[in-house]
Amino acid sequence: EMKQIKITIILLAAVFSLEARSSGNDGLWTEILSNNPELQAARNAKDGEAEALKSENNLADPEVELEYMFTRHPGRSLELTATQEFDWPGIYGARKKQTAHLISAMDYLYREKEQEILLQARTTVADIRWLDKRIHLRRQLRNRNKELLRGYQLGTKEGEFTILDINKLKVAIADIDAELADLETQRSVALSGFVSLNGGKMPADTSELSSA
């Protein structure tokens, strides 16, 4: 029993840790849920269908007829007739239950769609953060190599380094520049993907995209 209690505590701690980490980006996910075009369309369709189902189970409007009545006495009288259709209580209850089940099913499908869109958004944000780290590291390496290049260029005057050494370092810097350009292009594409998921809008707090 002690082992089971310990395992339970560890699992609960892991769950709380995951929730704490994910809650830091609630703003991003709330924006996605609100602004995503696919979700907006699905939400409108779901609400419209739910209203249609509810209205189908309502009683039909009463029919009213107005007729002139001719009598042996002078003048005419009017007769007003109103008719109302009623379902047996059992039929109405069954329809109501069926409507509730259908609306629950539509809600479930909509929640699935929400999770699908949120997974895309989380994956995109993870890509952006990974690319940010790569870009940061490559920029640091490029800066160090440029510092080395300046040292090499001064060293050639004193015979410590040759032109070949300088050229090798220049090629290394050029390779880093090319890699940086590729990484920045990938980040731009990933950011465009996130903006598209967010209904064409940049997030209100762009720092959340790059936070650790």
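Given a 1.4 Å probe, how much area per residue of the stretch 145-198 is accessible, in Å²?
I get 62 Å² per residue for the stretch 145-198.
Which pairs break 27 Å Cα to Cα here: Lys146/Lys201; Lys113/Lys133; Lys133/Lys201? Display every interim value, and only then the final one.
Working: Lys146/Lys201 38 Å; Lys113/Lys133 31 Å; Lys133/Lys201 24 Å.
Lys146/Lys201; Lys113/Lys133, as the Cα separations exceed 27 Å there.
Counting pairs of Cα atoms in the stretch 139-212, how many percent are more than 21 Å apart?
Every Cα pair in the stretch 139-212 considered, those over 21 Å come to 50 percent.
The values are calculated or read from the model by the stated rules, or taken from the named source; none is laboratory data. This is a predicted model, so every value here is computed, not measured. All accessible areas refer to the heavy atoms of the entire protein, side chains included, with ligands and DNA or RNA removed. Shrake-Rupley method; radii C 1.70, N 1.55, O 1.52, S 1.80 Å.
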